[in-house]
Every structure is written in C-alpha cells, then in structure tokens.
Amino acid sequence: MKVILREDVEHLGTAGNIVNVKPGFARNFLIPRNYAIPATGNNLKAFEHEARVVESKRAKRRKEAETLKGKLERISCSIAKKVGEQDKLFGSVTTQDIEKAFASEGFNIDKKDILLAEPIKALGVYTIPVRVFEDVVANTKVWVVRE
C-alpha cells in the first residue's frame, strides 16, 4: 500500500516521501496516528502544498541547528568524578553525565544525540560529537576532572 508520510518516521522515511508499506502497518499504525495518508490523486495534490511548507520549516530548523552548533563548539563543560590510583575513574562518564553537564550550562541536549563511541574512563579533555539536527554534528569539549 502506498502512503504519503506527513511526519518523519524513523527507519521509514521523512515527511513528504511516498513509501510502500504493508497494508496492516498503514491501517493500524501510520494512518491512525496521523503519520501518513493514503497516496490517492487528491491527497497527492493537497500534499504538494504541505510539502513546500514542511520544506521551509526544515530549512528554518537547519538554520537554527547551525547557530546551536556554533554555540556548542565554543563552550566546554567539566564533569567532576572520583578517581583512584593512576587517575582512573571509579565508574565512567556516560552520555547521561554529559547530558546533565550541558543542562547545567543551559543547553537541552538529549542523551541519544550525544555520539559517544564508548564511556570515558580516564581524566582528560575529550572532543565529543553531538548531533544537533539530521546531519549537523557539533564537536564540543568535555573536561573530566578530579572531584
């Protein structure tokens, strides 16, 4: 069944795309939650107008993401942790710790958007990539210091 996506659906597509899905998925999930509409002639014409509006909103969000990226790259936050011998941490610094540190700086960043390959287990300065918008990634510095 062909449907037109009204919103971004993870692992399926972005708003405005025409995708082919199984009828049950469309009837039971996408259409009742207003994520998609059936791809009929009238809906296609009406959705072309909506697509232009969505594209302008996406451009605006991208521009805001670029300004946020600039702000994030200029700041750095520090996280104080207890350490043992040879400056090894008790535990580790995770994305949740980094999220709290940015919240104290005034930035609302979801921990899922912090692209940390593995938890930090030693003192030092680390460059952490943060996904701000789809393909806009800011590299910010995190200082792990002794408590």
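Some points to look at:
- Which listed residue, of Lys45, Lys63, is farther than 30 Å from Leu123 by Cα and modelled with pLDDT of 90 or more: Lys63
- Every listed requirement among (1) free of Cβ contacts under 8 Å to residues at least 40 places away in the same chain; (2) loosely packed, with under 11 Cβ neighbours inside 10 Å is met by Lys71 save one, (2).
- Residue within segment 10-26 that is acidic (Asp, Glu) and modelled with pLDDT of 90 or more present: no
- Enumerated strands (runs of 3 or more DSSP E) restricted to segment 34-147, each holding at least 1 residues that are polar (S, T, N, Q): 76-81, 88-93, 124-133, 136-146
- Residues that are modelled with pLDDT of 90 or more, surrounded by 12 or more Cβ atoms within 10 Å (Cβ to Cβ) and of a type in the set (D, E, K, R) within segment 102-114 comprise just one, Asp113.
- Top-ranked residue of segment 1-33 - restricted to ones that are assigned to a helix (DSSP H, G or I) and of a type in the set (A, V, I, L, M, F, W, C), ranked as nearest to Phe133 (Cα to Cα): Leu30
- Verdict on Glu99 being more than 16 Å from the chain's Cα centre (by Cα) and not aromatic (Phe, Trp, Tyr): no
- Residues in segment 115-131 that are exposed (fewer than 14 other Cβ atoms within 10 Å of the Cβ) and either among the β-branched types (Val, Ile, Thr) or within 9 Å of Val142 (Cβ to Cβ) (or both): Val125, Thr127.
The values are calculated or read from the model by the stated rules, or taken from the named source; none is laboratory data. Only a predicted model underlies this, so the values are computations on that prediction, with no experimental measurement involved. Cβ coordinates were reconstructed from backbone atoms using ideal geometry, including for glycine residues, and neighbour counts include every protein chain displayed.
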